[in-house]
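Pasting in a structure now, in structure tokens, and then I'll have a few things to ask.
The values are calculated or read from the model by the stated rules, or taken from the named source; none is laboratory data. Predicted, not measured: the structure shown is a model, and the values here were computed from it. A quick note on method: Cβ atoms are made from the backbone with ideal geometry, for glycine too, and the neighbour counts reach across all protein chains shown. When the accessible area is computed, the model is the full protein with side chains, heavy atoms only, and any ligands, DNA or RNA have been set aside. Shrake-Rupley method; radii C 1.70, N 1.55, O 1.52, S 1.80 Å.
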Amino acid sequence: MIKVQDLVKVFGAKRAVDGVSFSVERGEVLGFLGPNGAGKSTTMRMITGFIPPTAGTVTVGGFDTVENPIPARRLIGYLPENAPAYTDMTVAGFLNFAAEIRGLRGDAKRKAIHRVVEMCFLEPVMHQSVETLSKGYRHRTCFAQSILHDPEVLVLDEPTDGLDPNQKHEVRGLIRRMGASKAIIFSTHILEEVDTVCSRAIIIDRGRIVANGTPEELRRKSESAGAVTLRVSGVNGAALSQRLAQLSTVKRSAILEEDSAGVTARVFPKPAVNAVLARSVAEAVQGWRIEELHTEEGRLDEVFRSITMPETAKMGGEGDRKNPR
Amino acid sequence: MNAWSNIKTIAKRELGAYFSSPLAYVFIVIFLLLSGFFTFMVGGFFEIGQASLAHPFFDWHPWFYLFLVPAVGMRLWAEERRVGTIELLLTMPITPWQAIVGKFLASWLFLALALALTFPIVITVNYLGSPDNGVILAAYLGSWLMAGAYLAVSCITSAMTRTQVVSFIVSVVFCLFLILAGFPPVVRLLSGWAQPWLVDTVTSFSVITHFDGFQKGVLDSRDVIFFLSIIVFSLFTTGVILRGHRAG
């Protein structure tokens, strides 16, 4: 549905987007990750036709967004960054305007508005002016606008930004459900959303795509992917390290925590021995009491960090062990 | 037809925006107070002793509009850019010129309404004497066209900035030029040293020169075309500026 080919956008001397290509099919939810200023919003603005690309093409449903913008835009629902809405209008008035400009009239318009009001829980604020809404309601009002015409393509720029945890959960559920029948692309800073919502994720940095794959594939790129974390009691760190260092499967090991009760260590495998590492580690520490032993799946934030800021990633990679997943 | 219904939808929203804020009411009240004050107190409506609106009433319009029309036009694009709704508007399945024309028409209709509400002065002059109502009608038409020209200039300045105040000031300056180019004292000053062809060229850019005919009841197609061409040119320029912002 969405095809992006060698997209480039230059602002003055800065190449905000520098040769980005990807495609999104119906039934896919593509997560767009990257640090601030990486070019996420600029790419989305080019997809929706708000700004023209310096070079490259975007087609939506087969329509080039520069050559043939109107039919392309008909297929797109767009939630811009910061969810702008006309502050002087009521929610009802705003949705009515959005429906009319999408060509909906009469019964079709009423039904469409009713549907999105229910989906986005806007009933209590329908006759309130947008100006007086809380951030969450304002955000959902703009979100409602984007799905009003039941578009085949959804482009959502930080759809969960500024929502409380319950609302975030609601919106993620909504995106996942709609993803079954639409092509969705959304940007986020929240890495857990990638797991709960996306079927595929792209990491973009300084205008270039630096990673593209399913959440599992991305996680496997993490340094800790395939590593074994174990906690043993009744031994000191030095003894454990020594024992582990003798294993042929181990590249290196690191002591994460050591106290009177025991030692927690992470063991990194040599290339291509992932599967047998856990067993060989378990055999090696026989005789001591193993309290915990598991293989790390890898962590998205680690991948994100190591890709987008390579020089500091090494420090973060093994230092923090809170929240291992 | 599709284009027209898009323009209508945009214009309807824009008109609604005027009336949902105090702007519309404040504007209309001030406009009516000012035109009443100038007609009776400064213009000497009674002292002239003529059943005519040309001098006491319409003479002031180029000057009222200098401040009032930019106040109406300043928010058109500046506000959209400040709040960010321009990103919604221009990614809807409409062309930019439909949005530009829709917004312009809404404001122009609003000005027509304000102008129409001065009707008591027409009733007054008819009650006191027997004026030529054809002349008055022509002058109203000219006044409305002139307001449209100012408004279109305000569209340009509004598209240039996200700050309404900047838009207001710049468009006052632009409109002031449109007036002064034909303002008699300036013309006299100019004709003291400039060649006649230069004086003619400069004055032909003035709204005063072109409004004059309407005030006398003369509907000259050149005057109509002058105002319409300012409108068309300005709206076109607005489009170019908006495209320029988006192209980065």
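Report yes if some residue within region B:115-125 is open to solvent by 10 Å² or more (accessible area, probe 1.4 Å), farther than 26 Å from B:Val218 by Cβ, in contact with a Leu (Cβ under 9 Å, 6 or more places away or on another chain) and not acidic (Asp, Glu); otherwise report no.
Looking for residues that are open to solvent by 10 Å² or more (accessible area, probe 1.4 Å), farther than 26 Å from B:Val218 by Cβ, in contact with a Leu (Cβ under 9 Å, 6 or more places away or on another chain) and not acidic (Asp, Glu), one finds none in region B:115-125, hence no.
Now for a separate question. Run down B:Trp63, B:Trp77 and say which single residue is assigned to a helix (DSSP H, G or I) and under 18 Å from B:Gly142 (Cα atoms).
B:Trp63
Still on this structure: Going by the conditions given, is B:Thr91 within 14 Å of chain A (Cβ to nearest Cβ), touching a Phe, Trp or Tyr at 6+ places or on another chain (Cβ under 8 Å) and not in a helix (DSSP H, G or I)?
yes
Which of the residues that make up region B:66-88 are open to solvent by 10 Å² or more (accessible area, probe 1.4 Å) and more than 14 Å from every other protein chain (Cβ to nearest Cβ)?
B:Phe67, B:Leu68, B:Ala71, B:Met74
Say whether the condition of being more than 10 Å from A:Leu148 (Cα to Cα), within 9 Å of chain B (Cβ to nearest Cβ), in contact with a strand residue (DSSP E or B) (Cβ under 6 Å, 6 or more places away or on another chain) and open to solvent by 50 Å² or more (accessible area, probe 1.4 Å) is met by at least one residue in region A:92-108.
No: region A:92-108 contains no residue that is more than 10 Å from A:Leu148 (Cα to Cα), within 9 Å of chain B (Cβ to nearest Cβ), in contact with a strand residue (DSSP E or B) (Cβ under 6 Å, 6 or more places away or on another chain) and open to solvent by 50 Å² or more (accessible area, probe 1.4 Å).
Run down B:Phe214, B:Phe233 and say which single residue is under 20 Å from B:Gly102 (Cα atoms) and either away from chain A (no Cβ under 14 Å) or over 16 Å from the mean Cα position of the chain (by Cα) (or both).
On inspection, the qualifying residue turns out to be B:Phe233.
Yes or no: region B:100-111 includes at least one residue that is buried (at least 24 other Cβ atoms within 10 Å of the Cβ), among the basic types (Lys, Arg), within 26 Å of A:Val66 (Cβ to Cβ) and within 14 Å of chain A (Cβ to nearest Cβ).
yes
Do you know which residues across region A:16-62 are open to solvent by 10 Å² or more (accessible area, probe 1.4 Å) and at pLDDT below 90?
Matches in region A:16-62: A:Pro35, A:Asn36, A:Gly37.
Give the residue that is nearest to A:Leu191 (Cα to Cα), with candidates limited to residues of region A:33-60 that are in contact with a Leu (Cβ under 9 Å, 6 or more places away or on another chain) and more than 14 Å from chain B (Cβ to nearest Cβ).
It comes out as A:Leu33.
One line per residue, one yes/no per condition, for (1) in contact with a helix residue (DSSP H, G or I) (Cβ under 7 Å, 6 or more places away or on another chain); (2) surrounded by 15 or more Cβ atoms within 10 Å (Cβ to Cβ); (3) modelled with pLDDT of 90 or more:
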residue	(1), (2), (3)
A:Ile147	yes, yes, yes
A:Glu152	yes, yes, yes
A:Asp161	no, yes, no
A:Pro165	no, no, no
A:Ser181	no, no, yes
A:Glu192	no, no, no
A:Ala201	yes, yes, yes
A:Arg208	no, yes, yes
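Moving on to the next point. Among the residues of region B:63-73, is there at least one that is of a type in the set (A, V, I, L, M, F, W, C) and either closer than 28 Å to A:Phe50 by Cβ or in contact with a strand residue (DSSP E or B) (Cβ under 7 Å, 6 or more places away or on another chain) (or both)?
Looking for residues that are of a type in the set (A, V, I, L, M, F, W, C) and either closer than 28 Å to A:Phe50 by Cβ or in contact with a strand residue (DSSP E or B) (Cβ under 7 Å, 6 or more places away or on another chain) (or both), one finds at least one in region B:63-73, hence yes.
Determine whether region B:11-24 contains at least one residue that is among the polar types (S, T, N, Q), over 18 Å from the mean Cα position of the chain (by Cα), closer than 24 Å to B:Leu228 by Cα and at pLDDT below 95.
no
Among the listed residues B:Asp223, B:Asp212, B:Asp200, which satisfies the condition of being more than 30 Å from A:Thr54 (Cβ to Cβ), out of contact with any Gly (no Cβ under 9 Å at 6 or more places or on another chain) and of a type in the set (Asp, Glu)?
After applying the criteria, what remains is B:Asp200.
Could you list, in sequence order, all residues of region B:184-204 that are in contact with a helix residue (DSSP H, G or I) (Cβ under 9 Å, 6 or more places away or on another chain) and farther than 29 Å from B:Asp132 by Cβ?
If the condition is that a residue be in contact with a helix residue (DSSP H, G or I) (Cβ under 9 Å, 6 or more places away or on another chain) and farther than 29 Å from B:Asp132 by Cβ, then B:Val186, B:Leu190, B:Ser191, B:Ala194, B:Leu198, B:Val199, B:Val202 are the ones that fit.
Which condition number in (1) outside any strand (DSSP E or B); (2) on the phi < 0 side of the Ramachandran plot; (3) open to solvent by less than 40 Å² (accessible area, probe 1.4 Å) is the one that A:Glu67 fails?
Only one criterion in (1) outside any strand (DSSP E or B); (2) on the phi < 0 side of the Ramachandran plot; (3) open to solvent by less than 40 Å² (accessible area, probe 1.4 Å) is unmet by A:Glu67, namely (3).
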